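Novice: If you scroll down you'll find the structure; I have some questions about it.
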Amino acid sequence: DGGITQSPKYLFRKEGQNVTLSCEQNLNHDAMYWYRQDPGQGLRLIYYSQIVNDFQKGDIAEGYSVSREKKESFPLTVTSAQKNPTAFYLCASTAWGGTEAFFGQGTRLTVV
Amino acid sequence: KQEVTQIPAALSVPEGENLVLNCSFTDSAIYNLQWFRQDPGKGLTSLLLIQSSQREQTSGRLNASLDKSSGRSTLYIAASQPGDSATYLCAVRRGGADGLTFGKGTHLIIQP
């Protein structure tokens, strides 16, 4: 079945650590996105990528980094510069031209 | 900057009722609008996508309308069921290459 796979489902980070969240899609979609969801707030865009080896900052990119070395993969690194990383992170993809967006099941990151 | 508002924030109704969820956006220059469902702790499931040139879309018991000039969309759910209980999110895309801007959602409870 085609879809988006995020891993791990739960992730715990110590203060000062960098952690990487995985996002893989087998929908042959060109564009991929990372969003952050906090309780009581709408989803906010972190980074997005339209093609391999190219990506753009979203509304809240500070403290995060991404790479797009393969069409299928768009990992997100939460760096130690992100002061409040505890949140639910969601990855999405769309075909070229911004059609229907599909989402993964999310990764819940907690700072311990 | 685009802002998306969803009203009401929460809604509880008895099973079998028809109901309407509202979404408004401040910038009418949108590419498309998408309605999602989110169950607790899960990712987003796409319900309906309306392109900017369309007025409505239907899928089963769901009907979404779009009035781009007034910046409004509604999601109509017919003959509600307990399984419809979830948070419903509205999101707009400004351009084909852009990410989505989300509302904070409507938390819906259908009482058996």
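No lab work stands behind these numbers, since they all come straight from the coordinates. As the structure is a prediction and not an experimental result, all values here were calculated from the model. Reconstructed Cβ throughout: ideal geometry from the backbone, glycine too, with neighbour counts over all protein chains shown.
Novice: In region B:1-97, which GluC sites (Glu not before Pro) are in a loop and have at most 16 other Cβ atoms within 10 Å, using DSSP for the loop call?
Specialist: B:E3, B:E15, B:E17
Novice: Something else: Work out the mean other chain Cβ neighbour count within 10 Å for the residues of A:97-105 and drop it here as an integer.
Specialist: What the average comes to for A:97-105 is 6.
Novice: For B:39-45, what's the mean count of beta carbons from other chains sitting within 10 Å of each residue's beta carbon? Write out the running numbers ahead of the final one.
Specialist: Details: counts 0, 0, 5, 5, 14, 11, 2.
The mean count of partner-chain Cβ atoms within 10 Å per residue comes to 5.
Novice: Follow-up. Over all residues in B:104-112, what is the mean tally of Cβ atoms on other chains that come within 10 Å of each residue's Cβ? Numbers along the way, then the final one.
Specialist: Numbers: counts 4, 5, 0, 0, 0, 0, 0, 0, 0.
Counting other chains' Cβ atoms within 10 Å and averaging over B:104-112 gives 1.
Novice: Could you state the number of Å between the C-alpha centres of region B:31-87 and region A:1-49?
Specialist: Each part's Cα centre sits 23 Å from the other's.
Novice: Here is a follow-up. Over the protein assembly as shown, how many percent of alpha carbon pairs lie in each 10 Å bin up to the one with the longest distance?
Specialist: 8, 33, 35, 19, 4, 0
Novice: B:A79 versus A:T77, label points 7 Å from Cα toward the beta carbon: distance in nm?
Specialist: The two pseudo-label positions are separated by 5.4 nm.
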